[in-house]
Amino acid sequence: GTLTTNGIATQLQTVARMIAARNTLGLKRQVFFVSVGGFDTHDAQNRGQADLMARLSHALAYFDGALAGIAGDGGAADVRHQATLFTASDFGRTYTTNGDGTDHGWGGHHFILGGAVKGRALYGSYPTVGVSGSTAGFENPDEVGSGSWLPSTAVDQYSATLGKWFGISDANLDLLFPNLGNFGTRDLGFLNAG
């Protein structure tokens, strides 16, 4: 079937089953880690990226539907408001090609899914691409060279926003993310209170 050929969807199917069994297992808060590889697209990026994004889209749609069919607290048949799925990566991609793909860069884009998510919005900012600044080419103050861009949002801010949803106090957020104080916004606002 479709799930058996999509490794990330199969992993999320297992997560949905564990969430469905949470009361039987006596668990109140669960954290799951799933992973998918293939995004290190130095080569064949145009072919590979489309397939990867289709697999991710399928898996996220499946997981959202599975959560909608799980009995929640009070017996309601929908636990989407109690679950948040988020993506993370240790690197992004450059904006310039290496001929058949892109190389490692700073920053990236992430997906956040769940009933607590203030959806249909983009958080952070996209770099302005293609601003003509000189006869030497395109210039942008956020570009640091070789197609790498300074991200507008720190992973500390992203993580602290998720941590706050988990119920971590502000003082403990500072312990978990010691660089958080270097950034203006501690809560990016993409989640409703948990």
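Based on alpha-carbon atoms only, what is the radius of gyration of the chain relative to the globular estimate 2.2 N^0.38 Å?
Values: Rg = 19.3 Å, N = 194, 2.2 N^0.38 = 16.3 Å.
Relative to the 2.2 N^0.38 Å estimate, the chain comes out at 1.19.
Leaving out ligands, DNA and RNA, and with a 1.4 Å probe, what % of the accessible surface on the chain is carbon or sulfur?
Its accessible area is 55 percent carbon and sulfur atoms.
Just to make sure I understand: if all protein chains stay in place, what is the order of W149, W106 by accessible area at 1.4 Å, largest first?
Details: W149 20, W106 140 Å².
Heavy-atom accessible area, descending, gives W106, W149.
Could you work out the helix-only [θ] at 222 nm for the chain, with each DSSP H run of four or more residues adding -39,500 (n - 2.57) and the total divided by the number of residues, to the nearest 500 deg cm²/dmol?
So the helix-based figure for the chain works out to -10000 deg cm²/dmol.
Residues with amide H under 5 Å of L188's amide H, sequence separation 5 or more or different chain, H placed in the peptide plane at 1.01 Å from N; which?
T161
To test your reading of the geometry: what angle, between 0 and 90 degrees and rounded to tens, separates the Cα axis of helix 155-166 from the longest principal axis of the chain?
Helix 155-166 and the main axis of the chain meet at about 10 degrees.
With every protein chain kept in the model, how would you rank K118, K28, K164 by accessible area, 1.4 Å probe, largest at the top?
Highest to lowest solvent-accessible surface, that is K28, K164, K118.
Extending each Cα 7 Å along its Cβ direction at L27 and A68, get the distance between those two points in nm, one decimal.
2.4 nm
For S152, what residues show an amide H to amide H distance below 5 Å, using hydrogens built from the backbone and excluding near sequence neighbours?
S125
5 Å is the cut-off here: which amide hydrogens, built 1.01 Å from N in the peptide plane, fall below it relative to R93, excluding neighbours closer than 5 in sequence?
G105
The values are calculated or read from the model by the stated rules, or taken from the named source; none is laboratory data. Source: prediction; values computed, not measured. Here Cβ is always computed from backbone atoms with ideal geometry, including for glycine, and neighbour counts include all displayed protein chains. Note: accessible area is taken over every heavy atom of the protein model, side chains too, but ligands, DNA and RNA are not part of it. Shrake-Rupley method; radii C 1.70, N 1.55, O 1.52, S 1.80 Å.
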